[in-house]
1. So how many residues does segment 1-32 have that are among the basic types (Lys, Arg) and within 10 Å of Thr219 (Cα to Cα)?
2. Go through segment 208-226 and report how many residues are in contact with a strand residue (DSSP E or B) (Cβ under 9 Å, 6 or more places away or on another chain) and either modelled with pLDDT under 95 or not in a loop (DSSP other than H, G, I, E, B) (or both).
3. Would you pick out the residues in segment 37-58 that are open to solvent by less than 50 Å² (accessible area, probe 1.4 Å), more than 16 Å from the ligand (Cβ to nearest atom) and closer than 24 Å to His131 by Cα?
4. Any residue in segment 149-171 that is over 17 Å from the mean Cα position of the chain (by Cα), under 23 Å from His38 (Cβ atoms) and modelled with pLDDT of 95 or more?
5. Could you tell me which residue of segment 1-12 is nearest to the chain's Cα centre (by Cα), considering only residues that are of a type in the set (A, V, I, L, M) and either within 12 Å of the ligand (Cβ to nearest atom) or open to solvent by 30 Å² or more (accessible area, probe 1.4 Å) (or both)?
6. Within segment 114-125, can you find the residues that are open to solvent by less than 50 Å² (accessible area, probe 1.4 Å) and either modelled with pLDDT under 95 or touching a Ser or Thr at 6+ places or on another chain (Cβ under 9 Å) (or both)?
7. Condition test on Ala67, is it part of a loop (DSSP other than H, G, I, E, B), more than 23 Å from Arg196 (Cβ to Cβ) and either hydrophobic (A, V, I, L, M, F, W, C) or open to solvent by less than 30 Å² (accessible area, probe 1.4 Å) (or both)?
8. Glu80: under 24 Å from Pro52 (Cβ atoms), loosely packed, with under 15 Cβ neighbours inside 10 Å and without any contact (Cβ under 8 Å) to a residue 24 or more places away in the chain, yes or no?
Amino acid sequence: MSIIDTHAHLSDLEEKETIIGNARKAGVAAIVAVGANHATNLRTLEWAQAYPGYVFPALGIHPTEFADDDISASLSFIREKISKCVAVGEIGLDYWDRETRKNKDVREQQRRIYTEQLGIARERGLPTSVHGRGSWKDALELAVEHGPEAVVFHWYSGPLDILSEVLDGGYYISATPAAEYSRDHRAALENAPLERIIIETDSPVYMRNRRRNSEPADTVVTLRALAKLKDADESEVARVTTGNAKKFFKI
Ligand SMILES: [Zn+2]
């Protein structure tokens with residue numbers, strides 16, 4: 001059985017050998033490592049260089065992670081290095097935080113940076129991994145208008161009517177270990193066909209039901225939870241979602 005972690009912040013993990021060893025043992029055949037700002041983009045490229053053919057890099061500016069960045073320099077860096085990458089990501093919008101929800105300027109800035117990166121993905125014919133917490137409708141509308149054909153709405157946990165639009169648009173959603181406990185995420189996964197789902201860990205995000213941080217080896221946690229939700233064999237869910245990931249990222 002082979003599975004792919006399609007979204008991990010390896011830049012935030014140390015102990016490279018252990019992390020990769022654990023992932024291989026768990027049947028993880030490849031990892032798509034995403035960046036979130038300039039510093040993590042640099043570290044993401046280092047990981048990819050250390051494990052060629054196993055760690056595939058994506059570069060991006062995350063909507064809540066750019067405070068320390070010179071945005072135009074970070075975007076130039078992404079443009080310069082993106083030809084070595086399999087995707088643009090993690091990019092998107094995040095209106096979850098109360099301050100952001102109230103602050104029109106912050107939301108505007110997020111939309112500008114997101115739109116610019118959707119443009120890079122479209123120009124280069126690359127897929128993109130989109131974060132849309134609390135902002136699913138805007139994240140989708142901008143992706144339709146400015147983005148590439150291949151978009152995955154990472155950890156989708158938004159309204160089901162917007163999920164229908166995501167699926168009608170030919171886009172994907174990803175499943176994370178929150179498939180074990182998050183009501184909204186589980187509802188989305190139940191309502192999307194397996195053919196439009198890829199799996200991931202969002203490592204090292206905290207898995208609240210397991211009271212520990214995730215690592216790429218936990219792609220099996222996601223796989224098992226998704227198989228349960230779909231009432232399907234784990235091997236079948238692995239086969240379909242790995243096929244989806246290979247097609248999506250062209251790896
Ligand atoms: Zn992420």
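The values are calculated or read from the model by the stated rules, or taken from the named source; none is laboratory data. Since this is a predicted model, take the numbers as computed values, not measurements. We place every Cβ from the backbone using ideal geometry, glycine too, and count neighbours over all the protein chains shown. Note: areas computed on protein heavy atoms with side chains; ligands, DNA, RNA excluded. Shrake-Rupley method; radii C 1.70, N 1.55, O 1.52, S 1.80 Å.
1. From segment 1-32, those among the basic types (Lys, Arg) are 16, 24-25; that's our starting set.
Remaining after also requiring within 10 Å of Thr219 (Cα to Cα): none.
Count: 0.
2. Initially, segment 208-226 is screened for residues in contact with a strand residue (DSSP E or B) (Cβ under 9 Å, 6 or more places away or on another chain), giving 212-223, 225-226.
With either modelled with pLDDT under 95 or not in a loop (DSSP other than H, G, I, E, B) (or both) added as a condition, the list becomes 212-213, 216-223, 225-226.
Here the count works out to 12.
3. Leu45, Ala48, Tyr54
4. No, every residue in segment 149-171 fails to be over 17 Å from the mean Cα position of the chain (by Cα), under 23 Å from His38 (Cβ atoms) and modelled with pLDDT of 95 or more.
5. Step one: filter segment 1-12 for residues of a type in the set (A, V, I, L, M), giving 1, 3-4, 8, 10.
Keeping just the survivors that are either within 12 Å of the ligand (Cβ to nearest atom) or open to solvent by 30 Å² or more (accessible area, probe 1.4 Å) (or both) gives 1, 8, 10.
On the way: Met1: 22, Ala8: 7, Leu10: 12 Å.
The residue in question is Ala8.
6. Gln117, Leu118, Ile120, Ala121, listed by residue number.
7. On the way: part of a loop (DSSP other than H, G, I, E, B): yes; more than 23 Å from Arg196 (Cβ to Cβ): yes; either hydrophobic (A, V, I, L, M, F, W, C) or open to solvent by less than 30 Å² (accessible area, probe 1.4 Å) (or both): yes.
It is true that Ala67 is part of a loop (DSSP other than H, G, I, E, B), more than 23 Å from Arg196 (Cβ to Cβ) and either hydrophobic (A, V, I, L, M, F, W, C) or open to solvent by less than 30 Å² (accessible area, probe 1.4 Å) (or both).
8. Values: under 24 Å from Pro52 (Cβ atoms): yes; loosely packed, with under 15 Cβ neighbours inside 10 Å: yes; without any contact (Cβ under 8 Å) to a residue 24 or more places away in the chain: yes.
The answer is yes for Glu80.
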